[in-house]
Amino acid sequence: MASKTPVGFIGLGNMGNPMAKNLVKHGYPVVAYDVFPEACKEFQDSGAQVMDSPADVAERADRIITMLPSSPNAVEVYTGANGILKKVKKGSLLIDSSTIDPAVSKEIAKAVEKMGAVFMDAPVSGGVGAARAGNLTFMVGGVEQEFDAAKELLTCMGSNVIYCGEVGTGQAAKICNNMLLAISMIGTAEAMNLGIRLGLDPKLLAKILNMSSGRCWSSDTYNPVPGVMEGVPSANNYQGGFGTTLMAKDLGLAQITATNTKTPVPLGSLAHQIYRMMCAKGYALKDFSAVFQFLREEENL
């Protein structure tokens, strides 16, 4: 009967929406909240309970997953005036799948622990497509004895659930992954753009790259050039997917942690600046693969 007890889900954006739907598909009654009421509408229409605040979700469910855009959003949802901790039950399991500063995850974990509940950070990789398909990768940080309880829920939404260590280590793994992803996406966009300028057909070039040593996820699964692949944001005017502003945010987190640990990340720093420039030039809400379009427009400057 454990699977039939309600699960709270807070944050029904591009990623949270399909994640929550996969919980419903696996038979979990979902108690949902989002700061934007329209995001909750389709859940309400399908019979899910929609609450007025994170605190109300905590009153109804003792297992809650949060999927939020940034560190300040996470702090507000957990510790704000109408936050989860206002009505959290002792023994509750709180799983945050947002990508935030590892230090913030640790601070939230301390506040949760004081209330007699358990906090785990479990950021995801795979993007919107993987969220829909239920094959995300979860990187989990927290008390190891609670990992199996978290895994029961996370395997409904992901095909890989990996324990990384204490609270904050899930975030650390995610930040490293996204820094590499940003660098590889820029590299793929540069290589594709150069090849096109040299007269190569983009589909042919992508095929060659993907059977050669330059192959990466950005080239073979999420190609940034319109017309090369179906079902990716570049095929839909860079709509949906993982927004440029979110990639800039994650690269900012990488910069903070690199500074704190005195770690040289020259390419990560440059990627951060490129994505910040894109945000300033109107790309903020487009998928981060729009760096290809950005480079095409900037190439004559």
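Data table
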| quantity | calculated |
| --- | --- |
| Count of residues meeting criterion [under 19 Å from Gln293 (Cβ atoms) and of a type in the set (Lys, Arg)] in the range 191-223 | 2 |
| Count of the range 130-172 residues which are in a loop (DSSP other than H, G, I, E, B), closer than 26 Å to Gly241 by Cα and without any contact (Cβ under 8 Å) to a residue 60 or more places away in the chain | 2 |
| Number of positions in the range 234-273 that are of a type in the set (Val, Ile, Thr), assigned to a helix (DSSP H, G or I) and more than 22 Å from Asp220 (Cβ to Cβ) | 4 |
| Members of the range 205-222 that are of a type outside the set (A, V, I, L, M, F, W, C) and without any contact (Cβ under 8 Å) to a residue 40 or more places away in the chain | Lys207, Asn210, Ser212, Ser213, Gly214, Arg215, Ser219, Asp220, Thr221 |
| Where a residue in the range 267-281 is without any contact (Cβ under 8 Å) to a residue 24 or more places away in the chain and within 16 Å of Ser184 (Cα to Cα) and its partner, wherever it lies, is open to solvent by less than 30 Å² (accessible area, probe 1.4 Å) and part of a helix (DSSP H, G or I), with Cβ under 7 Å and at least six apart | none |
| Residue match in the range 224-239 (condition: in contact with a Phe, Trp or Tyr (Cβ under 8 Å, 6 or more places away or on another chain) and of a type in the set (Gly, Ala, Ser)) | yes |
| Unmet requirement for Gly240, which otherwise passes all of (1) at pLDDT 95 or above; (2) under 27 Å from Pro18 (Cβ atoms); (3) surrounded by fewer than 21 Cβ atoms within 10 Å (Cβ to Cβ) | (1) |
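The values are calculated or read from the model by the stated rules, or taken from the named source; none is laboratory data. Given the structure is predicted, the values throughout are model-derived calculations rather than measurements. Cβ: placed from backbone, ideal geometry, glycine included. Neighbour counts: every protein chain shown. Only protein heavy atoms, including side chains, enter the accessible area calculation; ligands, DNA and RNA are left aside. Shrake-Rupley method; radii C 1.70, N 1.55, O 1.52, S 1.80 Å.
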